[in-house]
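Only one structure is covered here, and it is reproduced in the block below.
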Amino acid sequence: MATGAEDYPGLREALGDPVLEPELLERSLTHRSFAYEHGGLPTNERLEFLGDSVLGVVVTEALYRTFPDLSEGRLAKLRAAVVNARALAGVGRSIGLGDHIKLGRGEESTGGRDKASIVSDTVEAVIGAVHISGGIEVSSVLVHRLFDHLITEAAALGAGLDWKTSLQELTAERGLGVPEYVITDAGPDHMKTFHAQVQIGAERYGNGVGRSKKEAEQAAAETAYREIHDGPVAGQADPAQSPPES
């Protein structure tokens, strides 16, 4: 059946080629700024509303089944760590979703393709479109494809379930001092990009980039956490540098 809607083959492949009607896929990518400039086209907002609920149900069930001994409060924190706007934006960026979003000229000119709010909302809209096209079985497969790695990562985080808190716990445990964040920015006011590094004592760790200071700090904390966690423990010799036994 001819539809006139674009098929987005590259995006479909990144999504795992789910059952997804072309018209619904195109609508899921249509931001309100584009719709307004083109005579009031249907936007992705209703699909976003649906996708938010589908995502919540699938992730909640996955957490419930994967962690049978965790309390309700801990499960709620895990879910929040997986489905927050920053995490969703990261998922969207990993599949190149920003390249396909239909934006108005204003949003286009101010970097809307990489805005966490727009990318995260579009992820939810795409999930909603897949759900309408293929039902809960198909949308569940998509959610697991995109979010299972976040569930695994969230379970490994500290009590605060964010990278800054986890890094602070790790540096306290190893006696390294309190992390401080060094922020720089570039670009015009309406399109600023922030870069963050973590200062711990005399050392700097991590590199984080984001559209906000908070996003850049979280990204820097993640890379710093991995550098410190995977490196030699302070006060212990690096086996590679240890002298041979006599």
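Coordinate-derived values only; no laboratory data. Note that this is a predicted model, so its numbers are computed, not measured. Cβ: placed from backbone, ideal geometry, glycine included. Neighbour counts: every protein chain shown.
Of note:
- Calculated from backbone phi, Karplus (6.51, -1.76, 1.60) coupling profile of the range 203-213 in Hz, x at Gly/Pro: 9, 10, 10, x, 9, x, 10, x, 7, 9, 4
- Assuming charge only on the beta carbon of Lys and Arg (+1) and of Asp and Glu (-1), the dipole of the range 163-232 about its Cα centre is about 140 debye to the nearest 20.
- Against the chain, whose longest principal axis is taken from its Cα atoms, helix 72-83 shows a tilt of about 70°.
- D (Stokes-Einstein, µm²/s), Kirkwood Cα radius, the chain, 1.567 mPa s at 4 °C: 65
- For H31, nonlocal amide neighbours, meaning residues 5 or more places apart or on other chains whose placed amide H falls under 5 Å from its own, are K102.
- Here the spin labels are modelled as points 7 Å beyond Cα on the Cα-Cβ line, and at D148 and Y64 they lie 2.0 nm apart.
- Pair A80, N207: separation of 7 Å Cα→Cβ label points (nm): 3.2
- Residues T110 and D17, FRET efficiency given R0 of 41 Å [Cβ-Cβ distance, rounded to 0.05]: 0.80
- Listed residues G92, G231, G111, most fluctuating in the chain (Gaussian network, C-alpha, under 10 Å): G231
- Residue order, fewest to most beta carbons within 10 Å, for D121, D162, D7: D7, D162, D121
- Here the simple spin-label model places points 7 Å from the Cα toward Cβ, and for D7 and S53 these points are separated by 3.2 nm.
- Footprinting exposure proxy for H100, H144 (fewest neighbouring C-beta atoms within 10 Å first): H144, H100
- Rg/Rh ratio calculated on Cα atoms of the range 163-232 (Kirkwood radius): 1.02
- Against the chain, whose longest principal axis is taken from its Cα atoms, helix 163-173 shows a tilt of about 10°.
- Principal-axis tilt of helix 116-156 within the chain, Cα atoms, nearest 10 degrees: 0
- With R₀ fixed at 35 Å, the C-beta to C-beta distance from R46 to D185 puts the FRET efficiency at about 0.45.
- Value of relative contact order over the range 163-232, rounded to a whole percent, pairs C-alpha under 8 Å and six or more apart: 28
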